[in-house]
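A short worksheet on the structure shown next.
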Amino acid sequence: MGRWGWTRPAPDVAQAGSMALEPQTRRERGPGAVLVTGGAGYVGSHIVLALRDAGYPVAVLDDLSTGDRNAVPAGVPLVRADAAHGEAIRGMIACYRVTAAVHAAAALDDTPATAAHNARMCARFVRACAESGVRRLVLTSSAAVYGAVPNCPIAEFRCPAPARPYGAGKLASEAEVREAFGAPGFGYVILRCFNVAGADPAGRAGPRAGKALVEAACEAALGLRGPVTVFGTDYPTRDGTCVRDYVHVADVAAAHAAALSALERGLGAATLNCGSGQGHSVREVLAEVAACASAGLAAGAGSRRPGDAPVSIAAIGLAGETLGWRPHNSSLGAIVRSNLDWTRNLHREAAAP
């Protein structure tokens, strides 16, 4: 999500409170809709798919500053507005009889200003939800809240110490959720997601930015961009490059659906890791991409980035105990193959006359 306040709706995007939404409202009703912010973005669009697959009616709020309205499935209402805009939020809650929310919207720029924006946006969104009668909420948080932890796997009881502004913004957002939804009668789940990668196995959604390692490596292997930069080759790891926990985006989306289900069954509050529980180095990721693509992959060495931890791997046992969730698609090979398939299809569509 980007700019504050309303943005002008595209011709096929509705505005909250419009009577034109009523036919869709009737179709989407039932037990009440789940409002997903950032539902046109990478992680958010997969969350929408998982919720729909689980039988939840869904409505999406996204300002489309980085999201793609084509990523929102047909039949899912999409309102173009910022997640901090109370009028839009309250209008959607009333129009779609929203009973639960997933806050996945966040700007990704790693600056203090963006971190503060994300925290303010979360505060306004969760307060508007709570004041409008929404009682269950899932927050898409990040492992960036932990910072550089000396020992892995990282368990949820570790005291957060963000090393970068983005992580500080997510930690502040967590505090806003606890304040707004920590009272009796409310329930929340905070999911601290590790390195999300891959694409929907059915080919319905996937990444478009090409900024994260797996995405960039797949584009490089397919000849769609130049060499990949490896930021730091002298870390105290098995091959000198950073080791990360890569979790398939479909597993992350399934964790959000499982969290909503657990809240419906009476779960009061939980802060949980969402990862694969396995670590892979940058060089291992590049080698896997090259093998799956059957192609060479050029990579150059760059300097370390400030705040990068040598190793970051999730302890995921608590998520299994609390939600009955575990990752099913998060082998490195499955992540890479799904991303390669998605990237090939995007390139074919772009090249088609």
> Out of 139, 171, 108, which single residue is in a loop (DSSP other than H, G, I, E, B) and under 21 Å from the mean Cα position of the chain (by Cα)?
Replying inline: 108
>> So if I check each of 180, 168, 197, 175, which one is surrounded by 24 or more Cβ atoms within 10 Å (Cβ to Cβ) and at negative phi?
In response: 197
>> Quick test for you: out of 255, 262, 269, pick the one residue that is buried (at least 23 other Cβ atoms within 10 Å of the Cβ) and either under 24 Å from the mean Cα position of the chain (by Cα) or touching a residue at least 40 places away in the same chain (Cβ under 8 Å) (or both).
In response: 255
> Is it the case that residue 148 is of a type in the set (Gly, Ala, Ser), more than 23 Å from residue 36 (Cβ to Cβ) and either in contact with an Asp or Glu (Cβ under 9 Å, 6 or more places away or on another chain) or part of a helix (DSSP H, G or I) (or both)?
Replying inline: yes
>> Quick test for you: out of 109, 68, 53, pick the one residue that is surrounded by fewer than 24 Cβ atoms within 10 Å (Cβ to Cβ), under 27 Å from residue 204 (Cα atoms), of a type outside the set (A, V, I, L, M) and at pLDDT 95 or above.
In response: 53
> Restricting the search to the stretch 151-208, which residues are polar (S, T, N, Q) and touching a residue at least 24 places away in the same chain (Cβ under 8 Å)?
Replying inline: 173, 195
> How many of the residues making up the stretch 121-151 are under 21 Å from residue 304 (Cβ atoms), of a type outside the set (A, V, I, L, M) and surrounded by 19 or more Cβ atoms within 10 Å (Cβ to Cβ)?
Replying inline: 3
> How about the stretch 284-334: which of its residues are in a helix (DSSP H, G or I), in contact with a Gly (Cβ under 8 Å, 6 or more places away or on another chain) and farther than 30 Å from residue 189 by Cβ?
Replying inline: 288, 290, 292
> Here is a list of conditions, (1) buried (at least 24 other Cβ atoms within 10 Å of the Cβ); (2) within 17 Å of the chain's Cα centre (by Cα), and residue 221 meets all of them except one; can you say which number that is?
Replying inline: (2)
> Only one residue in 348, 337, 344 is part of a helix (DSSP H, G or I) and over 25 Å from the mean Cα position of the chain (by Cα). Which one?
Replying inline: 348
> Checking residue 233 against (1) part of a helix (DSSP H, G or I); (2) surrounded by fewer than 24 Cβ atoms within 10 Å (Cβ to Cβ), which single condition isn't satisfied?
Replying inline: (1)
> What number of residues within the stretch 299-353 are surrounded by 21 or more Cβ atoms within 10 Å (Cβ to Cβ), under 22 Å from residue 237 (Cα atoms) and hydroxyl-bearing (Ser, Thr, Tyr)?
Replying inline: 2
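The values are calculated or read from the model by the stated rules, or taken from the named source; none is laboratory data. Quantities reported herein were computed from a predicted structural model and do not represent experimental measurements. Here Cβ is always computed from backbone atoms with ideal geometry, including for glycine, and neighbour counts include all displayed protein chains.
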